[in-house]
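See below for the structure under consideration.
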Amino acid sequence: MSHPVEMATGCLYGLGLGPGDPELVTLKALRLLRAAPVVAYPAPDTGDSFARRIVAHWLTPAQIEIAVRFPMRPGAVPASIYDAAALQLAAALDGGADVAYLCQGDPLFYGSFAGIMTRLVPRYSVAVVPGVSSLTACAAAASMPLVHRDAALAVIPATLDEEALTRRLAEAECAAVIKLGRHFAKLRRVADRLGLLDSAVYIEHASLPDQRVMPLAEVDPAGHAGRVPYFAMALLRRDAPR
């Protein structure tokens, strides 16, 4: 009596693509991208995907693309979006297709991939290819060493309330404050109050043609409706020269 042959499921690859410059995509990520029959990526409610844009000239018409739409608004992403995305990718994996999920920066550093991976990892093979993170890209753009020897580094989201942001920065030897956007004025107030403003460095769009690096104290967000780009970071060190 013959038994039905089970079709092998595909593998989900989380590909870190770096901060935006295509030359910072690793050889491994590029190899897996080219081999994947299905390519998925996060995208805003409307418009194109930044992660896709990084590798657009390597994609082919034969590859099936899945855009996972995330709301670009404050607050946590609804679990239903991750659930729906996981179901979409699971359908492709069940059909035996490998899926490459494109991630700006590193897949496991403040990225959407983690929320999808945790829903699929019990049932499917998952592999993560690390990428150049925004943290190291911004430090490189600013030519600013992050930490030395036994010093500690804190990564702090600017989305914290002002009291929490003040407490975290006050405790840090060196800090990278991420997700600035509409929270820039709050960070500037806190840095000034803690005596860190004059030595803080601001970086936006690291590695891209429109990259900007300047003292945080000189940034004027007035031309951006009172905010700076979301993909902006501030580096603050207590021992940095003023």
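Roughly what % antiparallel, to the nearest 5, for the DSSP beta bridges in the chain? So the antiparallel bridges amount to about 35 percent of the total.
Applying 1/(1 + (r/R0)^6) with R0 = 22 Å to the Cβ-Cβ distance of residue 214 and residue 148 gives a FRET efficiency near 0.40. For the pair residue 162 and residue 67 in one chain, pulling the backbone fully straight at 0.36 nm per residue adds 30.7 nm over the alpha carbon distance. Averaged per residue, region 77-208 has 44 square angstrom of accessible surface, using a 1.4 angstrom probe with ligands and nucleic acids left out. Packing, taken as the mean count of other beta carbons within 10 Å per residue, orders the peptides 122-128, 154-160 from highest to lowest as 154-160, 122-128.
Per-residue accessible area (protein heavy atoms, 1.4 Å probe) orders 109, 184 as 109, 184, starting from the largest.
Within the shell of other residues whose beta carbon sits under 10 angstrom from the beta carbon of residue 160, the net charge comes to +1, with Lys and Arg scored +1 and Asp and Glu -1. The accessible surface of the chain, taken with every protein chain in place and a 1.4 Å probe, is 56 percent carbon and sulfur. Taking the alpha carbon gyration tensor of the chain, multiplying each eigenvalue by 5 and rooting it gives semi-axes of 38, 18, 17 Å, largest first.
The length gained on full extension between residue 21 and residue 110, counted as 0.36 nm times the residue separation minus their Cα-Cα distance, comes to 30.2 nm.
The values are calculated or read from the model by the stated rules, or taken from the named source; none is laboratory data. Computed from a predicted structure; not experimentally measured. Don't worry about glycine lacking a Cβ; one is built from the backbone with ideal geometry, like all the others, and counts go over all protein chains shown. For accessibility, only protein heavy atoms count, side chains too; no ligands or nucleic acids. Shrake-Rupley method; radii C 1.70, N 1.55, O 1.52, S 1.80 Å.
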